[in-house]
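Comments concern the structure below.
The values are calculated or read from the model by the stated rules, or taken from the named source; none is laboratory data. Note that the structure is a prediction, hence the values are computed from the model and not measured. Every residue, glycine as well, gets a Cβ built from its backbone with ideal geometry; the counts of neighbours run over all protein chains shown.
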Amino acid sequence: MARSKGFDPDRVLDSAMHTFWKQGYAATSAQDLCEATGIGRSSLYGTFESKHGLYMRSLQRYAESGTAGLRELVETDGPVRERVRRMLDSIVDEEASQPGLGCFVVNAQIERAPTDPEVASVVRRGRAEVVDALVRTLRAAQADGEIAADKDPEVLADFVHAQIGAIRLLGRSQAERATMEHVVEVAVGAL
């Protein structure tokens with residue numbers, strides 16, 4: 001008979017995710033992970049195989065949740081500028097509520113993606129999903145006359161997504177909320 005794990009893997013992933021998010025991959029030791037999750041090293045590695053395996057599962061969990069949330073905000077009903085504003089405002093709210101923490105995916109993109117193909121893949125996939133949702137939304141808005149016919153929805157989607165990254169970096173650097181809100185104003189105005 002197989003022995004059941006004495007812990008909830010989802011709770012462990014959440015705890016590990018917050019540790020990696022706050023400290024980064026390189027600065028997080030196995031001991032940090034054991035303390036954060038409340039489980040021993042053998043259980044941690046027995047379930048997640050390695051520090052990198054735990055990091056990747058944590059990053060994927062965060063990315064999937066964040067991407068789904070952004071897509072949901074932009075794919076709702078209503079005028080396109082309001083939907084894009086809601087999406088960007090939600091990012092400003094997140095960054096203002098956790099000064100200096102930034103976004104786990106953006107942090108991973110900076111720290112790990114240049115040398116870790118698995119991290120780069122998660123980053124690319126998340127970006128593609130959000131940009132695709134924006135392109136579809138902007139094309140529909142253009143067909144409805146909300147966006148000028150001479151504007152390229154793909155270029156606008158890339159621009160809006162770049163502003164997401166800009167707001168995330170501003171939040172990481174503890175910029176004032178007003179500065180992040182200025183980015184939102186210009187981005188929405190560009191539509």
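Table: residues versus (1) more than 16 Å from residue 161 (Cβ to Cβ); (2) at pLDDT 95 or above; (3) among the basic types (Lys, Arg); (4) under 16 Å from the mean Cα position of the chain (by Cα).
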residue	(1), (2), (3), (4)
76	yes, no, no, no
83	no, yes, yes, no
103	no, no, no, yes
106	no, no, no, yes
119	yes, yes, no, yes
(1) in contact with a Cys (Cβ under 9 Å, 6 or more places away or on another chain); (2) not in a helix (DSSP H, G or I) all hold for residue 7 apart from (1)
Contact list, first residue from region 45-61 and on the phi > 0 side of the Ramachandran plot, second anywhere and buried (at least 18 other Cβ atoms within 10 Å of the Cβ) and at pLDDT below 90, beta-carbon distance below 6 Å, six or more apart or interchain, is none
The condition from (1) surrounded by fewer than 20 Cβ atoms within 10 Å (Cβ to Cβ); (2) touching a residue at least 40 places away in the same chain (Cβ under 8 Å) that residue 122 misses is numbered (1)
Across (1) among the hydrophobic types (A, V, I, L, M, F, W, C); (2) crowded, with 18+ Cβ neighbours inside 10 Å; (3) in a helix (DSSP H, G or I), residue 191 clears everything bar (3)
### Task
Kindly indicate whether any position in region 134-144 is within 21 Å of residue 95 (Cβ to Cβ) and in contact with a Leu (Cβ under 9 Å, 6 or more places away or on another chain).
yes
Scanning region 145-158 residue by residue, those part of a loop (DSSP other than H, G, I, E, B), among the aliphatic types (A, V, I, L, M) and free of Cβ contacts under 8 Å to residues at least 24 places away in the same chain turn out to be 148, 149
Exception for residue 101 within (1) in contact (Cβ under 8 Å) with a residue 24 or more places away in the chain; (2) under 18 Å from residue 60 (Cβ atoms); (3) among the hydrophobic types (A, V, I, L, M, F, W, C) falls at (2)
Picked from region 27-60 (must be in a helix (DSSP H, G or I) and acidic (Asp, Glu)), the residue surrounded by the most Cβ atoms within 10 Å (Cβ to Cβ) is 32
Within region 44-73, the residues that are more than 15 Å from the chain's Cα centre (by Cα) and of a type in the set (A, V, I, L, M, F, W, C) are 44, 48, 54
